[in-house]
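Reviewing the structure listed below.
What follows draws every value from the coordinates through simple rules; no lab data is involved. Being a predicted model, the structure only gives us computed values, none of them experimental. Here the Cβ positions follow ideal geometry from the backbone for every residue, glycine too, while neighbour counts run over all protein chains shown.
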Amino acid sequence: MLDKLKRWNNKKENVISPTKEDVMSKPIPKHIAIIMDGNGRWANKRALPRIAGHHEGMKVVRRITRTANELGVEVLTLYAFSTENWKRPKQEVEYLMKLPEEFLGTFLPELITQNVRVQMMGNPEEIPSHTRRAVEKAMVDTKDNTGLILNFALNYGSRDEITKAIKEIAADVKSGHLPEDEINDQLISQYLMTSKINDPDLLIRTSGEYRLSNFMLWQLAYTEFWFTDVLWPDFTENELLEAIHEFQARHRRYGGV
Ligand code: FPP
């Protein structure tokens, strides 16, 4: 108890932050998805350019990946760039497209040592070739790793993903490869970019925004949501542990009783 009191969380009265040991004593969510929001506001508050917030956010990706892996999380999906983010100023888009290179250029050896496997979901065609090359290299270099899957959602949009799936299903029905009466929710899942991974158990969104922003609309049907006012560059292992701790206290009923 004394030990727990020492870990008193100053931000919330009467709340004791869980430790890694606390959360590891219960089932860990297998798949955690994060909408990493608030980089721009973090920078604005410090009179810095928005890209400084993205750079700080990149460092958090490193720390949270390491913790998630240590906890035994199987998949960590991070919303790094949406199909709508192209609307941002050109300079910001260019910077965001350089971040995977910088991140992987610096941390790929660490990810390899940690047995992390890098994957990507999203439409690769519009992504600049230098960004694609960096991600593809990381995917190849980590393909045999068996630890955490670090799944970057890059140029990802859920409506775009679902639209493509519907078109492919329609084409397969038309060509006779797929009988129409075999279309069910499991089959639809197989046509999505997440066909090889389970749906997220826990969704985290930072920065006090309460929306999905076109993120994994199909896959989040029965996911537990956890929101925090903390801006992504300020997100720490403690928030991750709090989110998992709260997840562990929830009763998932999947529509049953
Ligand atoms: C949303 O915050 C954040 C993004 C669109 C980019 C997220 C990217 C990172 C955290 C870095 C990714 C790192 C790698 C390795 C790919 P915002 O800019 O909308 O913030 P605001 O709502 O405060 O303006």
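Over all distinct Cα-Cα pairs of the chain, the Kirkwood formula returns a hydrodynamic radius of 19.5 Å.
Between the amide H of MET36 and those of TYR79, distances stay under 5 Å, these residues lying 5 or more places away or on another chain, with hydrogens modeled in the peptide plane.
Measuring against 31 Å, Cα to Cα, the residue pairs LYS143/LYS167; LYS30/LYS164; LYS87/LYS174; LYS137/LYS164; LYS30/LYS87; LYS87/LYS167 contain LYS87/LYS174; LYS30/LYS87 as the ones spanning a longer distance.
Note on GLU209 and GLU180: the extension gain reaches 6.5 nm, defined as 0.36 nm multiplied by sequence separation minus the Cα-Cα distance. Dividing the alpha-carbon radius of gyration of the stretch 95-145 by the rule-of-thumb value 2.2 N^0.38 Å gives 1.09. Taking label positions 7 Å along the Cα-Cβ direction at both TRP218 and HIS251, the computed distance is 3.2 nm, reported to one decimal. Based on the reciprocal of the average 1/r between different C-alpha atoms, the Kirkwood radius for the stretch 32-114 equals 13.8 Å.
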